[in-house]
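A.B. asks: Here it is: the structure, laid out below.
The values are calculated or read from the model by the stated rules, or taken from the named source; none is laboratory data. Everything numeric in this text was worked out from a predicted model, so none of it was measured. Here Cβ is always computed from backbone atoms with ideal geometry, including for glycine, and neighbour counts include all displayed protein chains. Surface accessibility is based on the protein's heavy atoms, side chains included, excluding ligands, DNA and RNA. Shrake-Rupley method; radii C 1.70, N 1.55, O 1.52, S 1.80 Å.
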Amino acid sequence: MAEYPPRSCGECPHMAHFERAADPKHYIPEHTVPKPHMEYQQDYVNTNPQLGTPNTFTPPSLTSTPVKPQECQPGCQHPDHNSSSEEKGYTGGIPPCSDPCLSPDKPPPAEPCPDTPYSIENTIPKTPCEKATKKGILKKKADIIDCECPQTMATIPKPRQEDPGQGKPWAANPNDIPPCYLPQPEDKIPINKDEGMAPIGPWATGRVDWGPLKGLTGTRPVVDRYSIARYSEGEWRQHNKDILEGKGERAVHRNNLIEWNSRQCMAQTQADADKNQEDSTRRLQQREKEVHRWKCELERAIAAASEEITFMEEQRRRLKQAAAVLQLPESISGECLERRTGRLDSELVRDEVEVELMKERALCDEIRQQFIQTLKDVELQLVEDKTAKQRLESDWSDKKQSLELDSTGRSLTLRSSILMFKPGSVIFPGDQSSPEYWEHFTKETLQMSEATRQRSATLRGTLDAILTNASRDLRTQADKVELILSKRIQCLIEVTDRLESELKKTLQKLADVENLIDDLQVAIRRMDLCLKKAQTRLDFRLQRQRVENCRDECHFGLIEEVKMIGEQTAALSAQLKQAEDSQAELITGRNELENEIMRKRKTLEIDRFRIQQFRSYYPSATALSGHA
């Protein structure tokens, strides 16, 4: 369809106006893109049956004007304006343009509208307004005597009354006698005639005719049996009038009415089509603003969701890093407990170091379980965040496509090259959504995304607190273990030094006892010589003969000497026995001291050179909290 210039000569007062309405309360903050508003005029619907053709499926009515009737001013008492076109006797054609109800402050325009392709001047037949005798629109010789619209609109010309003898088809004055071939006054009221043939007889049929009644008898006029006439003279004259009016003036008049109605209908239809297209363009522009507004909101939400997902990914990486670093404290505490099982005998005690190491191992296990559960929660939250982002992106993609389609549709003109007939597009699909649900769906998507982001932020805060507390607890326990371990090592050093000092004393005593034993053995061996000497003397004296073998003082003295030597030897042997027992006791003590020193040194080696060396690799609080 080609574009046509506007039919009006100025700005239409009924054109759609766009106004800004108050924004409704919305959960979106005030700083977001404002929601545009627009008030439309009602779509044109031809509900007035007096406005020519209502639609393309109804043929035009010659009794209905195709232009809109002019509304009267308040308080108008004009009879023509307070009655319908049928009551005023309007039977179609060009209506008068004069308005007796125009207000005094609004006089009729002095000049007609500019000459446009669809102005009223160019859409009606040109009728001369001067009084002249020439051929009119009725194709008959008549003088044009009247014109009710001196500017642009004219009524159908009326023929001037002439005398019956001037050759007119019929007289304009009812008092004049019409020609003989046209209907006569007596044709309307049948007159009973006395003369004529009766309705019965050998020359008449006498049959009743139930067609149009002609006469008062209710039967057709009686004719001769040999006649073929079927109509009366009144019917013949009426037939002449119908032929003259139908084939001549009425056909031309009807053609003029149809032409004028058609041109008015075309002008009105084109104007309404242009107005509807302009309203549709404005509505599409308004809809484009609405879609663009929500598209901007979705872009903001998508950016926030992407940022939140990045933060959650970073927290998950941090949690995994903390879980990996936690293996080092677990291995250190486990290695310390395992190494301390290598202590010997009496050193296998449940000291404070052992207790704190077990607490540290239990703390590591508890933190490990908390890390595992938190990691599951983080992964589930990441799934929710990505799902919400995907829903936002899907809605954004739909709105982007809708925005492009509406923008393309808004930019279409009647000269666009892509215009085609699309019969299947004039439908209301069953899966279409309402504007309320459309806006509700977008709001619900944004609210769900915001709620998901808030839960994600809360979980991130909880995860940060968990990592911070875990690193603090582990470092506190590690410092406590190292402090107690240092005290234990210092105690072991002191007891080892004490045992080594006692061992030195024991060794010195053992050396002294050994020297004493040697002296006692030498003394006992010396007493053996004395005993041998005394016993040898006694043996010599026992070899005396007879009376010479007497018990003199020498003999008693030697006997006493041998006795004394025996007692002294026994005393020395007893002292030797005690010295040997003391030597054995000192040897046992020395062995015990040496074993104890060896155990202490073993424990000291485990606690100092192994446990402390392992614990020197204990991670810092920064590494335990998951930071690189």
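A.B. asks: Using only the alpha carbons of region 471-530, determine the length spanned along each of the three principal axes and report them from longest to shortest in whole angstroms.
C.D. replies: Computed over the Cα atoms, the extents are 87, 11, 6 Å.
A.B. asks: While we're here: Just reorder E561, E436 by solvent-accessible area, largest first, 1.4 Å probe, all chains present.
C.D. replies: Result of the area sort, largest leading: E436, E561.
A.B. asks: Where Lys and Arg each count +1 and Asp and Glu each count -1, what net charge lies around L507 among other residues with Cβ under 14 Å from its Cβ?
C.D. replies: Residues near L507 contribute -3 overall.
A.B. asks: What does the accessible area of T310 come to, in Å² to the nearest 10, when a probe of 1.4 Å is used?
C.D. replies: That residue has around 80 Å² of solvent-accessible surface.
A.B. asks: Got a number for carbon plus sulfur as a percent of region 224-352's accessible area, 1.4 Å probe?
C.D. replies: 52 percent
A.B. asks: Rounded to the nearest whole Å², what accessible area per residue is found for region 289-400 with the 1.4 Å probe?
C.D. replies: Accessible area per residue: 50 Å².
A.B. asks: Please compute the net charge surrounding Q490, taking Lys and Arg as +1 and Asp and Glu as -1 over other residues with Cβ under 14 Å from its Cβ.
C.D. replies: Residues near Q490 contribute -1 overall.
A.B. asks: Going through region 547-628, which trypsin sites (Lys or Arg not before Pro) have at most 16 other Cβ atoms within 10 Å and a DSSP loop state?
C.D. replies: For trypsin sites (Lys or Arg not before Pro) across region 547-628 that sit outside H, G, I, E and B with at most 16 neighbouring Cβ atoms in 10 Å, the list reads R551.
A.B. asks: Among Q270, A251, A324, pick out the residue whose Cα is farthest towards the positive end of the charge dipole of region 229-372, where Lys and Arg carry +1 and Asp and Glu carry -1 on C-beta, about the Cα centre.
C.D. replies: Toward the positive end, the furthest listed residue is A251.
A.B. asks: How much accessible surface does W236 have with a 1.4 Å probe, in Å² rounded to 10?
C.D. replies: Around 140 Å² of this residue is reachable by solvent.
A.B. asks: When the dipole is taken about the Cα centre of region 306-441, and only Lys, Arg (+1) and Asp, Glu (-1) are charged at their Cβ, what size is it in debye, to the nearest 20?
C.D. replies: The calculation lands at about 820 debye.
A.B. asks: Using only the Cα atoms of region 377-466, build the gyration tensor, take square roots of its eigenvalues as a ≥ b ≥ c, and label the shape rounded, prolate or oblate: rounded if a/c is under 1.5, else prolate if a/b is larger than b/c, else oblate.
C.D. replies: Since a/c reaches 1.5 and a/b is larger than b/c, the shape of region 377-466 is classed as prolate.
A.B. asks: Here is a further query. Using the heavy atoms of the protein chains and a 1.4 angstrom probe, tell me the accessible area per residue for region 460-549 in square angstrom.
C.D. replies: Value for region 460-549: 65 Å² per residue.
A.B. asks: Using only protein heavy atoms and a 1.4 Å probe, report how much of I427 is accessible, in Å² to the nearest 10.
C.D. replies: Number for this one is 100 Å².
A.B. asks: Could you tell me the extents of region 397-523's C-alpha atoms along the three principal axes, largest first, rounded to whole Å?
C.D. replies: 147, 29, 25
A.B. asks: Please report the carbon-and-sulfur percent of the accessible area for region 504-628; probe 1.4 Å, protein heavy atoms only, DNA, RNA and ligands left out.
C.D. replies: 54 percent
A.B. asks: A further question follows. Report the dimensions of region 310-414 along its three principal axes from the alpha-carbon atoms, largest first, rounded to Å.
C.D. replies: 106, 15, 14
A.B. asks: Please report the net charge: other residues with Cβ closer than 12 Å to the Cβ of E313, K and R +1, D and E -1.
C.D. replies: Around E313, the charge tally is +1.
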